[in-house]
Amino acid sequence: MSTLQEKLTQLQQKGSQDIKAASDLKQLNDIRVKLLGKKGPITEVLRGMRDLTKEERPAVGSFANKVRDALAEVVDQKKAELEQAKIEQQLATETIDVTLPGDQPKIGAHHVISQVIEQLEDTFLGMGFKVVYGYEVEEEKYNFEMLNMPKDHPARDMQDTFYITKDVLMRTHMSPDEARELEKHDFSQGPLKMVSPGRVYRRDTDDATHSHQFFQMEGQYIGKNVTMADLKGTLEFAIRQIFGEEREIRFRPSYFPFTEPSVEVDISCFKCNGKGCDVCKHTGWIEVLGAGMTHPNVLKAAGVDPEIYGGFAFGLGIDRFAMLKYGIDDIRNFYQNDVRFLTQFEKRG
Ligand code: PHE
């Protein structure tokens, strides 16, 4: 045996040992490169063949190739072994406990304001009212002029307004929809019964009970022989839907330019049932909305003859309803979108 063959035999033994001792795939790869790579000892031996005689070369060459193939095979075996061990280890450490409860996907829910709007809409739809949605950006004409509030009318000061131009503004209440519907309505087809919920804007400084934007619902019933008793009955029914069957309502005289007579409507306190508590400020009554019999000037402005037709209108604050119903003490909660607040009222729509 030539010295080169001896050297190769030693290399094979030592190489196999090293390969078998590899503890992970990275180490194994390092060994493979070192042993079988271009700069490795086997390549070195093959290079040394130039010093051999022609007769010796084929035997040494084929021996070297055998050694290389044998080592490559040991590498492959070891690789398979290490890969298998890795999978087994993963299986042991990364077992999935199928009995653990899954993650609940977060599903959106209706905002508490939307819930109150929906409840009110359902109530009025049930009484034969239709629901309309107007424009947040409104003409001054519909927001004030047609509602018996001509320019310079002091009542305009009751609603501090965001003007966009002289004639265009952010609506300050939902009454413009009432004027628009009145103007459109064909009374030969029957009375006009409508409610209109939406967002309104006023130049108020935000605090716990004021917001420069909030929600209102207004409604009106205009037809023949519509009386204040109809107003009371309609509101009583709606209030009982929202605040409970035992609620009583009472009217107090008030002033609005678009109604005459005008009233403030109170409900008997749902917390203390009239005995007096912090919610009703110890009066037993809570003020919840404004209403009245539609002013003849409003009817005239919309082209409706007040000698034949008349009726009532009312406006309520949806935020205030929600605050009362759910005992919320700060209106700003509705507009901050803090999920911790919102999820308390989760009712899947
Ligand atoms: N538009 C009035 C307001 O926002 C509310 C209201 C409507 C009062 C209809 C009476 C009749 O203050």
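Bear in mind that the values in this text are calculations on the coordinates, not laboratory data. This is a predicted model, so every value here is computed, not measured. Note that we place each Cβ from the backbone using ideal geometry, even for glycine, and neighbour counts take in every protein chain shown.
On a full-extension model of 0.36 nm per residue, what is the gain between K66 and D230, subtracting their alpha-carbon distance, rounded to one decimal in nm?
48.3 nm
Relative to the longest principal Cα axis of the chain, at what angle does helix 228-243 sit, 0 to 90 degrees, rounded to 10?
The helix 228-243 is inclined about 30 degrees to the chain.
Taking the Cα centre of the chain as origin, sum charge times position over the Cβ atoms of Lys and Arg (+1) and Asp and Glu (-1), and report the length of that vector in debye to the nearest 20.
That gives a dipole near 1960 debye.
How big is the dipole moment of region 223-349 about its Cα centre under a simple scheme where the beta carbon of each Lys and Arg is +1, that of each Asp and Glu is -1, and everything else is neutral? Debye, nearest 20, please. Please list the in-between numbers first.
Values: 16 positive and 17 negative charges, 53 e Å.
Magnitude of the dipole: close to 260 debye.
Report, in deg cm²/dmol and to the nearest 500, the calculated mean residue ellipticity at 222 nm for the chain, where each DSSP H run with n ≥ 4 adds -39500 (n - 2.57) and the sum is divided by the residue count.
Counting only the DSSP helices, I get -12500 deg cm²/dmol.
As I understand it, the value is the acute angle between the Cα axis of helix 25-36 and the longest principal axis of the Cα atoms of the chain; what does it come to in degrees, rounded to 10?
Here the helix axis deviates by roughly 30 degrees.
With unit charges on the beta carbon (Lys/Arg positive, Asp/Glu negative), name the residue among L299, F63, I222 whose Cα is farthest towards the positive pole of the charge dipole of the chain.
Farthest towards the positive end: F63.
Hey, for a label at H282 modelled as a point 7 Å past Cα toward Cβ, could you say which residues of region 241-266 have their backbone N under 19 Å away?
It comes to no residues whatsoever.
Rounded, prolate or oblate: pick one for region 203-289, where a ≥ b ≥ c are the square roots of the eigenvalues of its C-alpha gyration tensor, a/c under 1.5 means rounded, and failing that, prolate if a/b is larger than b/c, else oblate.
Because a/c hits 1.5 or more and a/b fails to exceed b/c, region 203-289 counts as oblate.
Rg to Rh ratio, the chain, alpha-carbon atoms and Kirkwood radius? Display every interim value, and only then the final one.
Values: Rg = 43.0 Å, Rh = 27.1 Å.
On the Cα set of the chain, Rg over Rh gives 1.59.
With r defined as the distance between the Cβ atoms of T9 and D103 and R0 fixed at 56 Å, what FRET efficiency is calculated, to the nearest 0.05?
0.40
Would you tally the net charge around G37, using a Cβ to Cβ cut-off of less than 12 Å, leaving G37 out, and scoring K and R as +1, D and E as -1? Walk me through the numbers before you get to the answer.
Working: positive: R32, K34, K38, K39, R68; negative: D30, E44.
That works out to +3.
Loop only by DSSP, 15 or fewer other Cβ within 10 Å of the Cβ. Give me the GluC sites (Glu not before Pro) in region 38-80 that pass, ordered by residue number.
E55, E56
How far is helix 175-184 tilted off the main Cα axis of the chain, in degrees rounded to 10, range 0 to 90?
70
Pick out which of V98, V279, V60 has the largest mean-square fluctuation in a Gaussian network model of the chain, springs linking Cα atoms closer than 10 Å.
Taking springs between Cα atoms under 10 Å, the residue moving most is V60.
Holding the Cα-Cα limit at 32 Å, pick out from K232/K325; K66/K86; K184/K281; K39/K78; K271/K347; K141/K193 the pairs that are longer than that.
Violating the 32 Å limit, Cα to Cα: K184/K281.
Assuming 0.692 mPa s and 37 °C, estimate D for region 28-114 with Stokes-Einstein, Rh taken as the Kirkwood radius over Cα pairs, in µm²/s.
My calculation gives 179 µm²/s for D.
Which Cα, out of P105, I87, L36, lies furthest along the positive dipole direction of region 36-132 (beta carbon charges, K/R +1, D/E -1)?
Positive-end residue among those listed: L36.
Report the full-extension gain for the segment Q189 to H110: residue separation times 0.36 nm, less the Cα-Cα distance, to one decimal in nm.
24.9 nm
Could you give the spread of the C-alpha atoms of region 267-342 along their three principal axes, from largest to smallest, in whole angstroms?
Principal-axis extents of the Cα atoms in region 267-342, largest first: 51, 35, 12 Å.
Which net charge results when you count Lys and Arg as +1 and Asp and Glu as -1 among the other residues whose beta-carbon is under 13 Å from that of K184?
-3
What does the charge dipole of region 3-93 about its Cα centre add up to, to the nearest 20 debye, if the Cβ of each Lys and Arg holds +1 and the Cβ of each Asp and Glu holds -1?
340
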